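These notes concern the structure reproduced below.
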Amino acid sequence: MTVVDCSEFSADLLALASRLPRIPRRDLYGFLDAAHEAAGELPQALGTALDQFNADGNHDGYLLLRGLPVEDDDDLPATPTSTPAPVDRPLQNMEAMLGIVGRRLGLHTGYRELRSGTVYHDVYPSPGAHHLSSETSETLLEFHTEMAYHVLQPNYVMLACSRADHERKAATLVGSIRKALPLVPEDVRAHLFDRPLPCCVDVAFRGGVEDPGAIANVKPLYGDPEDPFLGYDRELLAPREPDDVEAVAVLSKALDEVNEAVRLTPGDVLIVDNFRTTHARTPFTPRWDGKDRWLHRVYIRTARNGQLSGGERAGDVVDFTPRR
């Protein structure tokens, strides 16, 4: 199951959201603890869908929750134009959904060098944004596994939509390695499996250096050879040897052939399996009228893939360590 219609659960979900603190950033640990309690009381069908996805993933590499309770557009504040969000900003419905659903899956995590170390991110268009930034709008945000170069890479990227772009053209593209692998010849799989390749890092993790080069190593395929994990970034992966360049190109082509477009509308939460997919975003045209596209993003870590060592809490902020 890739899409879960949550519209029938609206009243129950609003009731759970009403139990959460109204100013989440004032005490984020307390807010996420309350969200964890609420997560145990999710409607059974929704909870089961999340638990199954958390345990086994799926062929498409994502789970889309549709029809979650969201404010009417006129009741929302203007789409943000700066980050981070004010500490005293009141809770919004989609932030509540990210809190409750995310705590069913694992631990919300902030990354110290990214977005001032905040856990909840507003995603909105920004004029003059760096081409690697989620704040781009009129250019393609290229395919990437989120923070594939980070030792504490998130297991899930969660995107919640409060406001769509005006033309509803923007699409999140998701390419699943489970769908792409059959298109990759055996010799290319074998070449890329467990092979560390040089990888650059996003601007936030460069320590103020304009171009530190490839300071990390990322394995494009690893884990179970028959059902591997994926480490991929079209902009940042920097293979040097000709056979590596060729093999990555074959993998890229396979991922292009299987990617799916997900157009987020208000009330949607997209959960991307960040160890089995790469994702991108198509261009759209902002109007700069206070009603542009507005998503909320959180990163979730779980005990799988060595992302937790014990003693962590939802809301922790972690430091950057590049994969080697």
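The values are calculated or read from the model by the stated rules, or taken from the named source; none is laboratory data. Bear in mind that the values here come from a model prediction, so they are computed numbers and not experimental data. All Cβ positions, even for glycine, are placed from backbone atoms using ideal geometry, and neighbour counts span all protein chains on display. Remember, those area values only see protein heavy atoms, side chains included, never the ligands or the DNA or RNA. Shrake-Rupley method; radii C 1.70, N 1.55, O 1.52, S 1.80 Å.
What to note about this one:
- Checking Glu167 against (1) of a type in the set (D, E, K, R); (2) closer than 15 Å to His296 by Cβ; (3) at pLDDT 95 or above; (4) open to solvent by 10 Å² or more (accessible area, probe 1.4 Å), the condition it does not meet: (2)
- When Arg313 is tested against the conditions (1) surrounded by fewer than 18 Cβ atoms within 10 Å (Cβ to Cβ); (2) out of contact with any helix residue (DSSP H, G or I) (no Cβ under 7 Å at 6 or more places or on another chain); (3) of a type outside the set (S, T, N, Q), the lone failure is (2).
- The number of residues in the range 270-295 being within 19 Å of Pro80 (Cβ to Cβ) and surrounded by 22 or more Cβ atoms within 10 Å (Cβ to Cβ) comes to 5.
- Residue within the range 59-78 that is part of a helix (DSSP H, G or I), under 23 Å from Ala280 (Cα atoms) and either open to solvent by less than 20 Å² (accessible area, probe 1.4 Å) or touching a Cys at 6+ places or on another chain (Cβ under 9 Å) (or both) present: no
- A search for C-beta distances below 6 Å between a residue of the range 188-209 that is closer than 25 Å to Leu251 by Cα and any residue that is polar (S, T, N, Q), counting only pairs 6+ apart in sequence or on different chains, returns Pro196/Asn217.
- Of the residues Arg25, Arg19, Arg104, the single one that is farther than 18 Å from Trp294 by Cα and loosely packed, with under 14 Cβ neighbours inside 10 Å is Arg19.
- Filter result for Met158 (outside any loop (DSSP other than H, G, I, E, B), of a type in the set (A, V, I, L, M) and either without any contact (Cβ under 8 Å) to a residue 12 or more places away in the chain or closer than 23 Å to Asn54 by Cα (or both)): yes
- Within the range 273-300, being under 15 Å from the mean Cα position of the chain (by Cα) and in a loop (DSSP other than H, G, I, E, B) holds for Asn274, Phe275, Arg276.
- Which listed residue, of Ala238, Ala216, is open to solvent by less than 40 Å² (accessible area, probe 1.4 Å), touching a residue at least 60 places away in the same chain (Cβ under 8 Å), among the aliphatic types (A, V, I, L, M) and in contact with a Pro (Cβ under 6 Å, 6 or more places away or on another chain): Ala216
- In the range 31-85, the residues that are at positive phi and under 19 Å from the mean Cα position of the chain (by Cα): Gly57, Gly61
- Look at the range 118-142: where a residue is closer than 26 Å to His108 by Cβ and modelled with pLDDT of 80 or more and a partner is open to solvent by less than 20 Å² (accessible area, probe 1.4 Å) and hydroxyl-bearing (Ser, Thr, Tyr), sitting 6+ places away or on another chain with Cβ atoms under 6 Å, you get Tyr124/Thr79; Pro125/Ser137.
- Filter pass, Ala148 being assigned to a loop (DSSP other than H, G, I, E, B) and surrounded by 15 or more Cβ atoms within 10 Å (Cβ to Cβ): yes
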